[in-house]
Amino acid sequence: MTDSKEARPDAPGGPNQADLQALVDAVGALSTRDPQLAGQLARLFAAIATEAGRGPRLANALTKALREPASVGRESRPASPRSSNRRNAGPFDPFTVHAEGGEKLLREQLTSLSLEQLRDIVAEHGMDNDRLAMKWKDPQRVIDRIVERVNSRSEKGSAFRA
């Protein structure tokens, strides 16, 4: 932006009188409620305008930022290759089954699942801290791990229960 555009508020692409007056009115209204914040915002906008007027780099960056639609939340990034390697959710919650019917019912329901479904439960509930269970080929070993972890976590804190 050149100095000639700053002197001509009605220049194409430049600020019009209504925009400038709206800014002044907004800062003025804010100053009655929070004079410190109003002063800070006025200095911020003045600094941005001054720096944008000194060179095209900041002015172009601001123009680009203001033309692009506002993004909601985090910027979307392409899915990482790891996200495609996530396992499916387990077919049921072993903690709920254990709470409703105990270890016997849990073992019965786990026995009816495939090895991959058992691994899904292990992965979903973080039952493979030593990173061994996902390598096991014997479904009974995986079932034993699930039951062991469910029992352990279900009993945790039992000393404090009445």
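On the basis of the beta-carbon distance and an R0 of 41 Å, SER152 and ASP34 show a calculated FRET efficiency of 0.15. Potential lengthening of the chain between GLU108 and LYS137 amounts to 8.5 nm, from the contour at 0.36 nm per residue minus the alpha-carbon distance. For region 88-152, the pair-distance distribution built from all alpha carbon pairs, in bins 5 Å wide starting at 0, is 4, 21, 35, 28, 11, 2 percent.
Each label was represented as a point 7 Å from its Cα along the Cα-to-Cβ direction; for GLU116 and ARG54 these points are 6.1 nm apart.
In nm, what is the difference between 0.36 nm times the number of residues separating LEU41 and ALA26 and their Cα-Cα distance?
4.4 nm
Remark: region 110-120, residue by residue, has Karplus-estimated 3J(HN,Hα) of 5, 5, 7, 9, 6, 4, 5, 5, 5, 5, 4 Hz, where x stands for each Gly or Pro and the curve is 6.51 cos²θ - 1.76 cosθ + 1.60 at θ = phi - 60°.
Measuring how big region 14-70 is from its alpha-carbon positions, Rg and Dmax come out at 13.1, 36 Å. Model label sites at ASP144 and ASP19, defined 7 Å from Cα along the beta-carbon direction, differ in position by 7.3 nm.
What is the packing order of peptides 123-129, 32-38, taking the mean over residues of other C-beta atoms within 10 Å and listing the highest first? Write down the numbers at each step before the final one.
Working: 123-129: 14.7, 32-38: 10.6.
Those peptides, ordered most packed to least, come out 123-129, 32-38.
No lab work stands behind these numbers, since they all come straight from the coordinates. The shown structure was predicted, so the numbers you read here are calculated from the model rather than taken from an experiment. Virtual Cβ from ideal backbone geometry, glycine too; neighbours counted across all protein chains shown.
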